[in-house]
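Here's the structure, in structure tokens; my notes come after.
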Amino acid sequence: MTRFVRRIGMGMLVCALAGAVTRAQGWQHLGKVQRVEKLQDGVELTSGAAKVRITAFNDGVFRVRLAPTGAFAKDSSWAVIVSPEPPALKIEENQKEIRIITSRLIATIQKSPLLINFADPAGSVLLADEPTLPMAWNGPRIHAWKKMPQDENYFGLGDKPGPMNRRNRSFTNWNTDAFGWQESTDPIYKTIPFFIGLMKGVAYGLFFDNTYRSSFDFGKESPDYFSFGAEGGELNYYFFAGPEPRKIIEQYSALTGRTPLPPFWTLGYQQCRYSYYPEARVREIAQLLRSKKIPADTIYLDIDYQEGYAPFTINRQYFPNFEKMIADLREQGFHIITITDLHIKRFPNRGYAPFDSGIKNDVFVKNPDGSVYVGPVWPGESVFPDFTLTRVRDWWGNLYKDFYAMGVSGFWNDMNEPAVFRYPSKTMPLDVVHRLDDGTTLDHRAIHNVFGMQNARATYEGLRKLQPDERPFVLTRAAFAGAQRFAATWTGDNLATWNHISMSTPMLLNMGLSGYPLVGDDIGGFGSSPPADLLTRWYEVGAFNPIYRNHAAKGTADHEPWASGPEHEAIRKKYIEMRYRFLPYIYTLVEETTRTGLPMMRPVFLEYPQSQEFYGDDHDFLFGPDLFVSPVVSETIDAQGIALPPGEWFDFWTSEKHTAQDKINLHPRLDELPLYVRAGAILPMQPIVQSTSENPDGPLQLRAYLPASTSSTDCRGSLYQDDGHTFAYQKGEFLRVNYSCRVVPGSVTLTSTIEKNAFQPWWKNAELTFYGAPSLPKEVRVGSEVTHEWRYDSQAHAVILTVPDAVNNWTVRITF
């Protein structure tokens, strides 16, 4: 043994011993390649009874499939929505290896044993199989092991608690109702088996397309490799070449789908509680928001608005004038979102249409003996629609007809992991039967993780059919990869603690990195009562989350903005108002998301992948490319050190310019959220409104933050606007404006270029503010005309002027 240690080194010995242990547990690993069949898009390899297909799926994306018995399963996916478009490729083979060469990526397959690595065109290896552990199976279980470089970092996997970097931890994917989760809680609500590997600015992505209970181990078992696998299904994964992190998100979101453009009102402030009832309480909340001039767009109704908690019913004792309440609140600019959990109350022969029609149409999940499965949830004994069938999803979607007709604006699908009040599993038995459109069946092991996604899909598609011209809004708690096509989501039942506000940011960032950009958390914490300072700080950071929803559980203290007294109310109102001032920028961001998949809320390394100091930053984030947010998430903070991203940044509050090299130590007041704007940003903003149904009174507000020069700095911005609620934008009825600036010694020029002008916005003029002006201007020109209608703010180093008829191409030039 001593000689062996000296020859292979301790690291390889650990790996070899780990491999030996793994093999001893019954894994059958791939052996030597015995046959090579060249395909049009790659190769199929035979190794004993097993077969492996390695194909170029599209430019920069490879796919790997393993069939232990040699028979590949029917090629289907709940997540992948595009067909392969193989790029031009070349296949080379010699005695030792096979190479599949494309312009962006090279897959090299070692023949004995069968091992795969992926490299860039220069030959730098991006990902490689662990040499002692080829892909393997053990009965229905399948697994793969990959080399893990010492300085590689891992991000993604959806809403897992704890640090954003997944390295040195292991995870299970099994959608679980996890009230009051903590850092070590795993699994929780969602299964998104996708991650990004990042090392020294170079990134790749991997999506494991498997719906069974799966696992990812990023170095907990061994410091030399990471691994992933599942308890059933196919070893089927996609490799994304990148090499930039943002490119990987674009590739992955193209594969699994992107978030559709949401209704504009959903980006405003949302007020929720478990529960607002009776009707008088709902009206009181609305009245207080309006009388206190606290902007808001949405009020939620939790399960108590229903009769006996039965979905698609109304408790007429609590809400005798439900329809009129909805109409009255709509007149006041409020949209109502109602909860509709996926369990249907077992209530035969009582006139409960969802149950009666469901039984008649045979829509419910069944036990192995063919009887309908019954499990306890909020209404008591409940049955569950079999959302894997198209006809059942159609049936479910039509159940919303009456509520849509009443004026309800959106729907909240909760408890859809699916949660069942039976412990310890907290879900359906694993042997219940789910039917598929092709006449086959699968048990709950295969469907559990996609059940909530198909529930959200049924809701979204049903709403599309009921009101074809209106954009639906669906909020789901459970999800699988691809659920972003149907619903927004949130991080579930958090708690009102400083620990939970600090965990919020890395969770939301990883959701965005996992292709799920329209996300939020329960502002203030759901499951307990927040101290006043904590609630206020949560309102501050929440203003820069994609979904801005305040929510609280029964038995907790009030979480509304006016809770805790006038001082806290004023601060919370200030940040809600700021959210509305930023809506032009936010809506422009979310429209970009629908085209690229890039999240609104971004880790710094997404824009600056070479800045390795931000790889472990769980605290700060970018909101779009131009805003840097450093929230206060600790009650014990004295001084807060701010490390800015590369380049120049303006303090939003003081207009003071900083560079990444500056050492900034703040003592943030209770009303102060450290917020910085990228030098070179041109931000569209608006005057304050009380809801998105109200047109702002005044011009569009454009803020240009001038860099020292534009020789090395990108100076630009954009604005997207449409009617905010229909699909007319898909027919080209929208406004898109691109802004750019050029800074040279002695002058700055800002240009507005209309890219598309097929929508009339609420504004005609634009108030333009240049921050970072070096001195009092000598001359200001709008187009070719000199104007004297400007002013200079010496304290903010800002020049302010108004551009008339700004929905046109125009140029402003300032000479200093």
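Some points to look at:
- Ranked order, 366, 731, 764 - accessible area, probe 1.4 Å, largest first: 731, 764, 366
- Of 51/160; 292/764; 32/147; 38/147; 96/147, pairs whose Cα-Cα distance is over 23 Å: 51/160; 292/764; 38/147
- Here the accessible area is traced with a 1.4 Å probe on the protein chains. For segment 637-688, carbon and sulfur cover 49 percent of it.
- The apolar share of the surface of segment 402-546, taken as the fraction of accessible area on carbon and sulfur atoms (1.4 Å probe, ligands and nucleic acids excluded), comes to 53 percent.
- Based on C-alpha pairs under 8 angstrom that are at least 6 apart in sequence, segment 389-518 has a relative contact order of 26 percent.
- Normalised per residue, the accessible area of segment 272-329 is 36 Å², obtained with a 1.4 Å probe and no contribution from ligands, DNA or RNA.
- Ignoring lysines fewer than eight residues from residue 247 along the same chain, the ones with Cα atoms less than 20 angstrom from its Cα are 200.
- If you sort 729, 318 by accessible surface, 1.4 Å probe, largest first, the order is 318, 729.
- Taking only protein heavy atoms and a 1.4 Å probe, the accessible area of segment 79-189 is 49% carbon and sulfur.
- Surface accessible to a 1.4 Å probe, per residue, for the residues of segment 63-197, Å²: 39
- For the set 199, 453, the ranking by accessible area, highest first and with no ligand, DNA or RNA atoms included, is 199, 453 under a 1.4 Å probe.
- Within segment 172-222, the ratio Rg/Rh, alpha carbon atoms throughout and Rh by Kirkwood, equals 1.02.
- Each residue of segment 505-518 is assigned a 3J(HN,Hα), and the resulting list reads 4, x, 5, 5, 5, 5, 4, x, 5, 8, x, 10, x, 8 Hz, derived from the Karplus form 6.51 cos²θ - 1.76 cosθ + 1.60 (θ = phi - 60°), x at Gly and Pro.
- Each of 296, 314, 644 was scored by the projection of its Cα onto the charge dipole of the chain, and the greatest displacement toward the positive side belongs to 644; charges sit on the C-beta of Lys, Arg, Asp and Glu.
- Compactness ratio for segment 736-795: Cα radius of gyration over 2.2 N^0.38 Å (N = residue count) comes to 1.31.
- Centroid-to-centroid separation of segment 594-655 and segment 274-320 [C-alpha atoms, Å]: 37
- Projected label distance in nm at residue 796 and residue 221, using a 7 Å step from Cα toward the beta-carbon: 5.8
- Mean sequence separation of contacting Cα pairs (under 8 Å, at least six apart), scaled by the length of segment 101-253, corresponds to a relative contact order of 21 percent.
- Quick note on the chain: its Rg to Rh ratio, both from C-alpha atoms and Rh being the Kirkwood radius, is 0.98.
- Relative contact order, whole percent, for the chain stands at 10, derived from Cα pairs under 8 Å and 6 or more residues apart.
- Distance from segment 435-460 to segment 135-192 (C-alpha centre basis), Å: 22
- Accessible area per residue in Å² at 1.4 Å probe, computed on segment 641-719: 40
The values are calculated or read from the model by the stated rules, or taken from the named source; none is laboratory data. Quick caveat, the model's predicted, so the values are computed rather than measured. With ideal geometry, Cβ positions are generated from the backbone for all residues, glycine too; neighbour counts draw on all protein chains shown. When the accessible area is computed, the model is the full protein with side chains, heavy atoms only, and any ligands, DNA or RNA have been set aside. Shrake-Rupley method; radii C 1.70, N 1.55, O 1.52, S 1.80 Å.
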